[in-house]
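A short worksheet on the structure shown next.
The values are calculated or read from the model by the stated rules, or taken from the named source; none is laboratory data. These numbers were taken from a predicted model, which means no experiment stands behind them. Please note: Cβ atoms are built from the backbone with ideal geometry, for glycine as well, and neighbour counts cover all protein chains shown. The area values use the complete protein model at the heavy-atom level, side chains included, leaving out ligands, DNA and RNA. Shrake-Rupley method; radii C 1.70, N 1.55, O 1.52, S 1.80 Å.
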Amino acid sequence: QAATFRCSARCCEDSTASMQQVQRCIERCQAPLAQAQAIVTTELERFQDRLSRCTLRCDDEAKDALEAGEAQAGVRGRLDACLAACGDAQLRLVPAMARRMQEGLAALPQ
């Protein structure tokens, strides 16, 4: 971020540049930071989407079981186990997600 701000400040120091030129210069300075944020945001959204789909499946299974007349206590136990399994599955994916983020960030121009 500091490099982005320094670069943007240099754009503003050019007294011969037009407002459009300064704006384009600032946008070029901010592009790497925006790309980095996009990489991280995309990975976190994928993680959250997968977790959400899994928990929705657990919820659907619990609702189906209750509608079929199963005892609430048993359904609650299975729901808790299903949700815990969702969390465990997602936690196992964190190292790969972190690696993808690191690789994506490392590939950005410095």
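Things to note:
- Fraction of accessible area attributable to carbon and sulfur, segment 6-110 (%, probe 1.4 Å): 55
- Nearest-20 debye value, segment 1-107 charge dipole, Cβ charges on Lys, Arg, Asp, Glu: 480
- A convex hull fitted around the alpha carbon atoms of segment 1-85 yields 114 Å³ per residue.
- Within the chain, the cysteines lacking any other cysteine Cβ closer than 4.7 Å to their own Cβ are Cys12.
- If R0 is 30 Å, the Cβ-Cβ spacing of Glu43 and Ala85 corresponds to a FRET efficiency of close to 0.85.
- Charge tally in the Cβ shell below 11 Å around Thr42, where Lys, Arg are +1 and Asp, Glu are -1, Thr42 excluded: -1
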